[in-house]
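The structure under discussion appears below in the form of structure tokens.
The values are calculated or read from the model by the stated rules, or taken from the named source; none is laboratory data. As the structure is a prediction and not an experimental result, all values here were calculated from the model. With ideal geometry, Cβ positions are generated from the backbone for all residues, glycine too; neighbour counts draw on all protein chains shown.
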Amino acid sequence: MEEEESMEETNARIPKRPFWSGAVTIGLVNVPVKLYSMTFDKAFSFRFLHKQDGQPLKYQKVCVKDNAVVPWEDTVRGYEVSKNRFIVFQKEELDAARPQSSQKIRIDKFVDYLSIDPIYFERSYALAPDKSNEAYSLLLTSLQKTHKAGAGRITLRTKEYPILLHAYKGAMVLTTLRYAYEISDPSNLEELKGLKEPEKKELDLAVKIINDLSGEFDINEYEDTYEERIRKLIAKKLKGETIVAEKPVKEEAKELMAALQETLNQLKKQ
Amino acid sequence: MTKVEFTNLDKVLYPVANVTKAQVIQHYVRMAPRMLGILKNRPMVLTRFPDGVDKEGFYEKDMPLGTPSWVKTFRKHSESAGREINYIVCNNLDTLVWLANLAALELHMTLSKTDRFEKPDILVFDVDPEPPAGIDEVVKVALMLKEKLDGLDLKSYVKTSGKKGLHILVPIVSEYAFNQTREYVHQIGRHLASESGLVASEVSNPKKPGTVYIDYRQNSHGRTMVCPYSLRATPQATVSMPLDWTEVKKGLKPEAYTLSTVAKSESNPWKGMLENKQKLEKSVD
């Protein structure tokens, strides 16, 4: 089955449709591109069902005062200025404040890609050429040659993001960045105030351990074991087997489990 | 491995012998290959000791609240209870494990099966001493009984009761009514009593000291006997242990068969017992 096979792949699949199209603009140069989602949160998501009849449940907005279900058109946005005190915004007011989606990826300058701390990286999107291959190829090749990344901005839906445009595996990739205000400075942590300098002897030993354990980073060495177990459970359920919840065996039950296994083997022979 | 969700495994059920529920379940798991064939389709009565043998236990004829749907039950009117009873029927390992997890330490079974509930397939002689008679006297009477049954061409099987006596069983065709089997067992008891002053065949109150009573009354509709390999609610966690007849001799110590001592036993002296469906053809006299 196609669906199951796709779950076996190491890498996630590129979706069939681009979710955005526009152009990279560098000064007066335009490179028309399409954007594809490239990173995926693969955590399984489950629907909530009604226990009695297995039917899907939907969410409704319920007024906390009288428990009445409130339809979409009767809602407004409120900003909580202090506990239970709100400033109300009409939809039109918020729309007017939104950045205009310009269908442009504006590059302001080129920076050394490796100089940017990955702490800022948010989501990555694959860029594909839209109609004109030549312009795309030229920009990609020059990024590869210089090991530089274009820094700039994009407006996606209602939010403007700082972005980096860089080469990755024979493609141009756009990575959205977090704003400075979205990241806190960990050196402000109380626990880090007054850290002592380590002894030289200890430091030498620690450095030696680090050097001994040094190697190439390979993401494939890391497996999502929960994802793997859920995937197996789903495959099993699809075959119509019932799932028996298996709790971790407690210490006092280990001998018992061994006896159970032995008896089950004997009973099979009978 | 099992449908049963274990609870309170480290709870001590035999404080003197220091036996936990995990060990009780383990006992029944180990004995299961030898027990299940005999328990099959036989309604059970449980004696449960959820707080241990030193605290009050209770008889349970009707299926307990929360009996899982996969446990087989047998619905029958009980005269003693005066209502319909859903007996537990233990036909698989999961049920046995579930019963053990309920702290059903003693398992008792009927002498007939669900499909022919009025026609027993087992005769039982419950041989019990009245002090100062003890196990040596019981052994003597049991061997007399075996000889008598041999003479009637009936192969018999023996187990300790887990207390002071012995149980002697004769598997039979499921063709006789309980009043017939009861009378047959009673007759043999009377016969032995006529031959030996040691044997008592009748219920007397008070019991005659120094005699060994051959109780025939369990051969009745709805009555039960303790299952082979069942634990007993004794401080030492004794077991109702099937024996080979060669083990029934002077010096037999029924109290030596306990949860811990039988754990390693692998012999099955009752192997094929129920396939040996015998007819009660020869008359006792």
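Restricting to the range B:247-273, count the residues that are surrounded by fewer than 17 Cβ atoms within 10 Å (Cβ to Cβ), of a type outside the set (Ser, Thr, Tyr) and more than 25 Å from B:Pro15 (Cα to Cα). Total meeting the criteria: 8. Taking the conditions (1) of a type outside the set (A, V, I, L, M); (2) more than 16 Å from A:Pro32 (Cα to Cα); (3) free of Cβ contacts under 8 Å to residues at least 60 places away in the same chain; (4) in a strand (DSSP E or B) in turn, A:Gln144 satisfies each one other than (4). Scanning the range A:66-81 for residues that are among the acidic types (Asp, Glu), out of contact with any strand residue (DSSP E or B) (no Cβ under 9 Å at 6 or more places or on another chain) and not in a loop (DSSP other than H, G, I, E, B) gives A:Glu73, A:Asp74.
Does B:Ser174 satisfy the criteria of being hydroxyl-bearing (Ser, Thr, Tyr) and over 25 Å from B:Thr234 (Cβ atoms)? Quick ask: steps written out before the conclusion?
Working: hydroxyl-bearing (Ser, Thr, Tyr): yes; over 25 Å from B:Thr234 (Cβ atoms): yes.
Against the criterion (hydroxyl-bearing (Ser, Thr, Tyr) and over 25 Å from B:Thr234 (Cβ atoms)), B:Ser174 qualifies.
Checked against the criteria, A:Asp117 does not count as in contact (Cβ under 8 Å) with a residue 12 or more places away in the chain, assigned by TED's automatic domain parsing to the domain that holds A:Val24, among the acidic types (Asp, Glu) and on the phi < 0 side of the Ramachandran plot.
Going through (1) surrounded by 10 or more Cβ atoms within 10 Å (Cβ to Cβ); (2) over 20 Å from A:Ile105 (Cβ atoms); (3) under 22 Å from the mean Cα position of the chain (by Cα) one by one, A:Ala171 falls short only on (2).
Set side by side, the residues B:Lys40, B:Lys119 differ, and just one is in contact with a strand residue (DSSP E or B) (Cβ under 9 Å, 6 or more places away or on another chain) and either under 27 Å from B:Pro171 (Cα atoms) or in contact (Cβ under 8 Å) with a residue 24 or more places away in the chain (or both), which is B:Lys40. So which residues in the range A:33-67 are more than 26 Å from the chain's Cα centre (by Cα), surrounded by fewer than 10 Cβ atoms within 10 Å (Cβ to Cβ) and either at pLDDT 85 or above or closer than 30 Å to A:Ser102 by Cβ (or both), if there are any at all? Within the range A:33-67, A:Gln60, A:Val64, A:Lys65, A:Asp66, A:Asn67 meet the criteria. I'd like the residue in the range B:187-212 that is surrounded by fewer than 15 Cβ atoms within 10 Å (Cβ to Cβ) and among the hydroxyl-bearing types (Ser, Thr, Tyr) and, out of all such residues, is nearest to B:Pro131 (Cα to Cα). It comes out as B:Ser204.
Among the residues of the range A:56-63, are any among the hydrophobic types (A, V, I, L, M, F, W, C), in contact with a Lys or Arg (Cβ under 8 Å, 6 or more places away or on another chain), part of a loop (DSSP other than H, G, I, E, B) and not assigned by TED's automatic domain parsing to the domain that holds A:Lys109?
Keep residues of the range A:56-63 that are among the hydrophobic types (A, V, I, L, M, F, W, C), which gives A:57, A:62-63.
Subsequent filtering for residues that are in contact with a Lys or Arg (Cβ under 8 Å, 6 or more places away or on another chain) retains A:57.
Add one more test, that the residue is part of a loop (DSSP other than H, G, I, E, B), and what stays is A:57.
From the residues that got through so far, the ones that are not assigned by TED's automatic domain parsing to the domain that holds A:Lys109 too are A:57.
Scanning the range A:56-63 turns up at least one residue that is among the hydrophobic types (A, V, I, L, M, F, W, C), in contact with a Lys or Arg (Cβ under 8 Å, 6 or more places away or on another chain), part of a loop (DSSP other than H, G, I, E, B) and not assigned by TED's automatic domain parsing to the domain that holds A:Lys109.
Among all residues of the range B:209-223, there is at least one that is touching a His at 6+ places or on another chain (Cβ under 6 Å), closer than 27 Å to B:Val284 by Cα and not in a helix (DSSP H, G or I). Of all the criteria given as (1) of a type in the set (Asp, Glu); (2) crowded, with 19+ Cβ neighbours inside 10 Å; (3) over 15 Å from the mean Cα position of the chain (by Cα), the one not satisfied by B:Asp244 is (2).
Considered as a group, the residues in the range A:211-257 that are more than 9 Å from every other protein chain (Cβ to nearest Cβ) and surrounded by 12 or more Cβ atoms within 10 Å (Cβ to Cβ) include one that is modelled with the lowest pLDDT, and that residue is A:Val249. Considering only the range A:258-270, how many residues are more than 7 Å from chain B (Cβ to nearest Cβ) and of a type in the set (Gly, Ala, Ser)? Residues flagged as more than 7 Å from chain B (Cβ to nearest Cβ) and of a type in the set (Gly, Ala, Ser) within the range A:258-270 amount to 1.
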